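Written below as structure tokens is the structure these notes are about.
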Amino acid sequence: MSERVLGIDPGTAVTGYGVVEPANGRPGRLIECGVIRTNPKQKLWERLNTLFEGVVELIERHGPQTLAVETSFYGKNVRTTVTLGQARGVILLAATRAGIGIAEFSPATVKQSIVGRGGAEKSQVGYMVQQLLRLTAPPSPNDAADGVAVALTYLMRRRLPR
């Protein structure tokens, strides 16, 4: 069985995900992608629970061997950074409880791996995911494309000599 990877672009409002596995002749084969949306009217802990349950369901449904997740970026808004860290925490907890491996990549590393430039725009990431996986259109919305990009980053970088 080939290694299946669940890539996650974390967020408390919208979390993008992509399930990818290796394929002959190209970086990977897309199994599924999409987003987990939370209700902005709920308390943060309720939203985190929705996110946790969504990731657990994806792990149970797809049986990935690895969860690849973007690390927090350090923006000007401290509150956003802290909230994103809480979202990452429940995602990492879901993977740990499932006993699967975890790989973390900075947003710049994902963009560099997929587009060739660490400062690439979201539309460029989506376009390159489309090209790399030979899809008819970029994954939509952008958060889903970002989740797929994280999974592809893991598959492409694990092949590199260390």
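Hey, among the residues in region 44-90 that are of a type in the set (Lys, Arg) and part of a helix (DSSP H, G or I), which one's surrounded by the fewest Cβ atoms within 10 Å (Cβ to Cβ)?
Step one: list which residues in region 44-90 are of a type in the set (Lys, Arg), which gives 47, 61, 76, 79, 88.
Checking which are part of a helix (DSSP H, G or I) leaves us with 47, 61, 79, 88.
On the way: Arg47: 22, Arg61: 12, Arg79: 8, Arg88: 20.
Ranking the candidates gives Arg79 first.
Which condition number does Lys111 fail, the rest of (1) surrounded by fewer than 20 Cβ atoms within 10 Å (Cβ to Cβ); (2) among the charged types (D, E, K, R); (3) assigned to a helix (DSSP H, G or I) being met?
For Lys111, the exception is condition (1).
So which residues in region 121-162 are hydrophobic (A, V, I, L, M, F, W, C), surrounded by 14 or more Cβ atoms within 10 Å (Cβ to Cβ) and closer than 20 Å to Gly101 by Cα?
So the first thing to find is which residues in region 121-162 are hydrophobic (A, V, I, L, M, F, W, C), and the list is 125, 128-129, 132-133, 135, 137, 144-145, 148-152, 155-156, 160.
Still in the list and also surrounded by 14 or more Cβ atoms within 10 Å (Cβ to Cβ): 125, 128-129, 132-133, 135, 144-145, 148-152, 155-156.
Listed by number, the residues that qualify are Val148, Ala149, Val150, Ala151, Leu152, Leu155, Met156.
Yes or no: Ile100 closer than 24 Å to Ile59 by Cα and surrounded by fewer than 18 Cβ atoms within 10 Å (Cβ to Cβ)?
Numbers: closer than 24 Å to Ile59 by Cα: yes; surrounded by fewer than 18 Cβ atoms within 10 Å (Cβ to Cβ): yes.
So Ile100 fits the description; yes.
For region 1-22, which residues satisfy the criterion of being more than 13 Å from the chain's Cα centre (by Cα), under 14 Å from Val148 (Cα atoms) and acidic (Asp, Glu)?
Glu21, the sole residue that qualifies.
Just the residues that are small (Gly, Ala, Ser) and more than 29 Å from Arg47 (Cβ to Cβ), please, taken from region 83-133.
Just the residues of region 83-133 that are small (Gly, Ala, Ser), to begin with: 85, 87, 89, 94-95, 98-99, 101, 103, 106, 108, 113, 116, 118-120, 123, 126.
Those that are small (Gly, Ala, Ser) and more than 29 Å from Arg47 (Cβ to Cβ): Ser113, Gly116, Gly118, Gly119.
Being modelled with pLDDT under 95, assigned to a helix (DSSP H, G or I), basic (Lys, Arg) and out of contact with any helix residue (DSSP H, G or I) (no Cβ under 6 Å at 6 or more places or on another chain): is that true of Arg162 here?
Values: modelled with pLDDT under 95: yes; assigned to a helix (DSSP H, G or I): no; basic (Lys, Arg): yes; out of contact with any helix residue (DSSP H, G or I) (no Cβ under 6 Å at 6 or more places or on another chain): yes.
Answer is no for this residue.
Rundown of residues vs (1) over 28 Å from Ser2 (Cβ atoms); (2) among the basic types (Lys, Arg); (3) touching a strand residue (DSSP E or B) at 6+ places or on another chain (Cβ under 6 Å), yes/no style:
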residue: Glu70; (1), (2), (3): no, no, yes
residue: Arg79; (1), (2), (3): yes, yes, no
residue: Ala98; (1), (2), (3): no, no, no
residue: Asp143; (1), (2), (3): no, no, yes
residue: Val150; (1), (2), (3): no, no, yes
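Filtering region 23-78 down to residues that are within 17 Å of the chain's Cα centre (by Cα) and among the hydroxyl-bearing types (Ser, Thr, Tyr), which residue is nearest to Pro141 (Cα to Cα)? Let's see the steps before the verdict.
Restricting attention to region 23-78, the residues satisfying the condition of being within 17 Å of the chain's Cα centre (by Cα) are 27-38, 48, 50-73.
From what's left, among the hydroxyl-bearing types (Ser, Thr, Tyr): 38, 50, 66, 71-72.
Details: Thr38: 15, Thr50: 19, Thr66: 23, Thr71: 20, Ser72: 20 Å.
The qualifying residue nearest to Pro141 (Cα to Cα) is Thr38.
Pairs only if they're at least six apart or on different chains, beta carbon under 7 angstrom, first in region 131-152 and within 14 Å of Thr15 (Cβ to Cβ), second among the acidic types (Asp, Glu); list them, first residue then second.
Asp143/Asp9; Asp146/Asp9; Gly147/Asp9; Val150/Asp9; Val150/Glu70
The values are calculated or read from the model by the stated rules, or taken from the named source; none is laboratory data. Since the structure is predicted, the reported quantities are computational estimates derived from the model, not experimental observations. No Cβ is skipped: glycine too gets one built from the backbone with ideal geometry, and neighbour counts run over all protein chains shown.
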